[in-house]
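The values are calculated or read from the model by the stated rules, or taken from the named source; none is laboratory data. Computed from a predicted model, the values in this text were never measured in an experiment. Here the Cβ is made from the backbone with ideal geometry for all residues, glycine too, and neighbour counts use every protein chain on show. The area values use the complete protein model at the heavy-atom level, side chains included, leaving out ligands, DNA and RNA. Shrake-Rupley method; radii C 1.70, N 1.55, O 1.52, S 1.80 Å.
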Amino acid sequence: QVQLVESGGGLVQPGGSLTLSCAASGSIFSIYAMGWYRQAPGKQRELVASLPSGGNTNYADSVKGRFTISRDNAKNTVYLQMSSLKPDDSAIYYCNANIKPYPNWTVRSYWGQGTQVTVSS
């Protein structure tokens with residue numbers, strides 16, 4: 001059983017900063033790409049940022065220059081540092097990770113439960 005647990009969401013004023021964390025635990029043999037998605041009310045879930053295990057980061061155009069994704073492989077954790085936050089950034093943020101739970105299993109996509117980020121004065 002693999003679990004992704006997010007933390008760090010909350011209410012912040014426009015222009016403020018927040019850092020989200022997502023820790024993977026359970027049966028983990030290898031972790032490949034990790035990333036963050038978000039979904040605002042009435043909108044589809046969209047990619048915010050992704051980070052392959054050994055590749056380049058990828059950001060949505062709307063967050064480039066403001067958000068930074070990073071990971072600590074020793075802790076199986078991915079972070080999203082968000083700055084210069086705007087009301088349009090308000091959404092539920094979901095962590096995603098592609099994980100091989102056991103050596104002879106295929107890679108599977110796992111999701112966290114989501115954490116609310118609200119940007120408002």
Legend entry - Qualifying residues in the range 85-119 (those that are in a loop (DSSP other than H, G, I, E, B) and open to solvent by 60 Å² or more (accessible area, probe 1.4 Å)) - the one nearest to GLN1 (Cα to Cα): TYR102
Inset, instruction - Can you tell me which residue within the range 60-83, out of those that are outside any strand (DSSP E or B), closer than 26 Å to TRP105 by Cα and in contact (Cβ under 8 Å) with a residue 24 or more places away in the chain, is least open to solvent (accessible area, probe 1.4 Å)? - result: ASN76
Inset, instruction - Please determine, by comparing only the residues of the range 19-59 that are in contact with a Lys or Arg (Cβ under 9 Å, 6 or more places away or on another chain) and in a loop (DSSP other than H, G, I, E, B), which one is least open to solvent (accessible area, probe 1.4 Å). - result: ILE28
Legend entry - Contacts under 9 angstrom Cβ, first residue in the range 21-46 being in contact (Cβ under 8 Å) with a residue 60 or more places away in the chain and on the phi > 0 side of the Ramachandran plot, partner in a strand (DSSP E or B) and open to solvent by 60 Å² or more (accessible area, probe 1.4 Å), 6 or more apart: GLY26/GLN3
Inset, instruction - Take the range 31-56 and flag every residue that is at pLDDT below 95 and of a type in the set (S, T, N, Q). - result: SER53, ASN56
